[in-house]
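Below is one structure, written out as structure tokens, with a few remarks after it.
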């Protein structure tokens, strides 16, 4: 696999770094549409980690030796991003967070084959053969995963029991499903009818024994799982959590400060919710939400009800977008239901980006499990976050910025999720400004989602730094307006992904602060469309780079 090298040394350095990353992370390459390594799986074991470390150490040395005297502002951003990504990757490895990250109920090793079945092209005999070869390497991949489990257990650094139990449940469901009825067999459409038998044979020969190996290893590991859910309870956990904060936000923030900011935001949002409740003659927003949760008209009766409604919301948002953006993505965004094998553990919704050649659109996944706890009034704000004008706009447009290097178009998201998730959360508020919410009921859903993200600051820091229990987190989220099932699933997500939940409101905070700063600077000449175009028109950024560069990029009207 190659990309077209640019003439500029800084972009060449960044693109080489990105290509090396794809060599080590072939699944990420497939997700993005790079086909050079789609017969392989990553190596989470010692050799794979050694290659990763060597690449990041080399990249840091190259970045720090670069002559910056004649570099453009855009080139300086590129250098900053490579440096942030490489340095953070080294710190993550030093903190041994990989010993915990290998156990993940959301996107863990048990799900990698099913994810590839959905995302990898198999429309020719050559592509199908590469997919089968990749399946054949799954046993070795699981052997390496089990080795990481053993390393963590020997070091006393084990995952929380609730996460282990969720993963065991998923692997049990996968292993108990006959190969011919597995998610892989159902999703893959082989190029020839006779290839169906070949696929099932490889599943039975390679994939299913690996499932059973992983299941046995997880059951043996379970007694060592920790009862305390926070990262603080692991060796070096306090320092590791600060690394996780930096990895997610690209900032060196103190847990206590984030906790306090989250509490203050919840208080302000609750005042907005109380105003809506009073406008509708309700005594409190809690009472109003309880009424909505019990209202049959506020829930789909069939899973397709959520999917169809979400598709209509995307259509509405796309129709209104030209009033707020001058550049729209070429890639479409479609809606699909979360698969049955993982719907019990998945969040309400999530997004997969399109491939680089646009052969696969962006996919907005909606969880249709337990419909009584999936109210309509929470769907619109989720759609505008995950799809349009949220993640789909930012990520799909980023991939279409052909004037940028491959690294800036596809690799810069490695600098942390705060920019991406901050834009998604900003998009929920922007949707209200655009007029996308049908009524105060959907607006109450938006405020609930904002409170949810503020609560994430409180709960994530509470769990991993302030020694909160799982039960305290669930209760706090329910009090903030989440349904019990979402409060439980979300809490377990924060337990498995330390720091990730902080990205949303920290990123939104920076985007809103910069918008307010530029509105003051430019007054009546403030150009909102240019603000949006420039914010998401340079690829994903670290928050430091966003702070520094956005005021220079956004110009007053008529400038």
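No lab work stands behind these numbers, since they all come straight from the coordinates. This is a predicted model, so every value here is computed, not measured. Note that each Cβ is placed from the backbone with ideal geometry, even for glycine, and that neighbours are counted across all protein chains shown.
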Check: Counting only the backbone N, which residues of segment 250-276 are under 14 Å from the spot 7 Å out from the Cα of residue 295 toward its beta-carbon?
Finding: 276
Check: So what are the three principal axis dimensions of segment 94-175 from its Cα atoms, in whole Å, longest to shortest?
Finding: 47, 26, 20
Check: Where does each of 316-326, 439-449, 368-378 land if you order them by average Cβ count within 10 Å, highest first?
Finding: 439-449, 368-378, 316-326
Margin query: Below 8 Å, C-alpha to C-alpha, sequence gap of six or more: please give me the relative contact order for segment 9-244 in percent.
Written below: 24
Next item on the list: Could you please state, rounded to a whole Å, how far the C-alpha centre of segment 223-238 is from the C-alpha centre of segment 314-369?
Entry: 35
Note to self: Report for segment 259-508 the percent antiparallel among DSSP-assigned beta bridges with both residues inside it, nearest 5.
What the structure shows: 45
Next item on the list: Tell me what the chain gives for mean residue ellipticity at 222 nm when only DSSP H runs of n ≥ 4 count, each as -39,500 (n - 2.57), the sum divided by the residue total, rounded to 500 deg cm²/dmol.
Entry: -18500 deg cm²/dmol
Margin query: P(r) for segment 9-244, please, calculated from all Cα pair distances in 10 Å bins and given in %.
Written below: 7, 27, 30, 23, 11, 2, 0
Checklist line | For segment 255-338: rounded, prolate or oblate by the Cα gyration tensor [a/c cutoff 1.5] | finding: oblate
Next item on the list: State the volume of the convex hull built on the alpha-carbon positions of segment 426-559, expressed per residue in Å³ and rounded to an integer.
Entry: 129
Checklist line | Three principal axis lengths of segment 476-545 [C-alpha, angstrom, descending] | finding: 46, 24, 17
Next item on the list: Could you grab the Rg to Rh ratio for segment 259-508? Cα atoms only, Kirkwood for Rh.
Entry: 0.95
Margin query: Rounded to the nearest 5, what % of DSSP beta bridges with both residues in the chain are antiparallel?
Written below: 40
Margin query: Checking the a/c ratio against 1.5 first, then a/b against b/c, what shape does the Cα gyration tensor give for segment 103-233?
Written below: prolate
Note to self: Using only the alpha-carbon atoms of segment 1-137 as identical scatterers, what base-10 log of I(q)/I(0) does the Debye formula give at q = 0.14, 0.22 Å⁻¹?
What the structure shows: -0.77, -1.32
Check: Taking Cα pairs under 8 Å and at least six residues apart, what relative contact order does the chain come out at, in percent?
Finding: 17
